[in-house]
1. Along the Cα→Cβ direction, 7 angstrom out, place labels at residue 27 and residue 195. What is the inter-label distance in nm?
2. Which percent, to the nearest 5, of DSSP beta bridges fully inside segment 20-127 are antiparallel?
3. How do 10-19, 171-180 rank on mean C-beta neighbours within 10 Å, highest first?
4. Among 181-191, 104-114, how do they line up from the highest to the lowest mean number of other beta-carbon atoms within 10 Å?
5. Based on the Cβ-Cβ distance of residue 67 and residue 39, what FRET efficiency does E = 1/(1 + (r/R0)^6) give at R0 = 45 Å, to the nearest 0.05?
6. So if I average 1/r over every pair of distinct C-alpha atoms in segment 1-121 and take the inverse, what Kirkwood radius in Å does that give?
7. So, R0 is 22 Å and r is the distance between the beta-carbons of residue 16 and residue 127; what FRET efficiency does that work out to, to 0.05?
8. May I ask you to compute the full-extension gain from residue 5 to residue 203, defined as 0.36 nm times their residue separation minus their alpha-carbon distance, rounded to one decimal in nm?
Amino acid sequence: MSSSSPELQTPSLLTRALSLVRGIVVLMTLENPLIWNYLHGDHPQADVEGPYYLLGAPWRSRNLATDEELKQGEPLLLKFKVINRSTHAPIPSAILDIWQDNHAQHYAFNSYNLRGRFRCNERGECEVLTIRPSAYGIMNSDAASTIERYTGGYVSWVAQKVFGYPIGSQRPAHVHLKVGKEGYRGLTTQLYDVREGQTQMVESDFMRWVRRHREGFNLKLTRGKDGQWVSQLLVIELDPKHGLGAAAVKIE
């Protein structure tokens, strides 16, 4: 396990303010739940950005998680390869912008903890050492129960009738990811770490109000002798800007 702990940098107030404004604009336009499927639904493995993106993440060499985070959480090595979707040739120096919550279900905003950008090598490959993300909810179970009580279960009833499954307040554990390279269409996605006993959380993920669950993004982890979790190879395919079709991620 690498001991190259990343330096924790602090975003400026301006950066945080711009990130907030950008997030609102993106939510109202490109990520608008009412039109998300129209804009991105034909991308079979595209996923929503979410509200927690922070501009200006620092460049990292390999470690996304600090030594302290690696001690508190479960170390996870993510393995990526970025290729041209048309030719299957590797895309040298492709950029990965990654962010996630910590072991306590919190996203950092006062620092760039568990946030960073990585540049792939000449073979389009990159390894990122982080921790396994945590599942979290937009409201606690008491609040969810209160809403259900005061609406007479109407919210769940509508979800069941319209979508065919109940909608809960929890999100399965996931890592956010943006992938890009000049001359290619970028990809925004999420990698899901569905633990044993949490499959129902996938079915009730409230993001299914916006889009279908991206089953192809489920991580398949193995555990090494040192206790570190390792992902399967995540083969990311990007389309040239002049080509037709969507950027996609294929997991092997």
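No lab work stands behind these numbers, since they all come straight from the coordinates. Source: prediction; values computed, not measured. Every residue, glycine among them, receives a Cβ derived from its backbone with ideal geometry; neighbour counts consider all protein chains shown.
1. Reported label-point gap for residue 27 and residue 195 is 2.8 nm.
2. 90
3. The packing order, highest mean first, is 171-180, 10-19.
4. 181-191, 104-114
5. Efficiency at R0 = 45 Å is approximately 0.65.
6. 16.4 Å is the Kirkwood radius here.
7. 0.15
8. 67.7 nm
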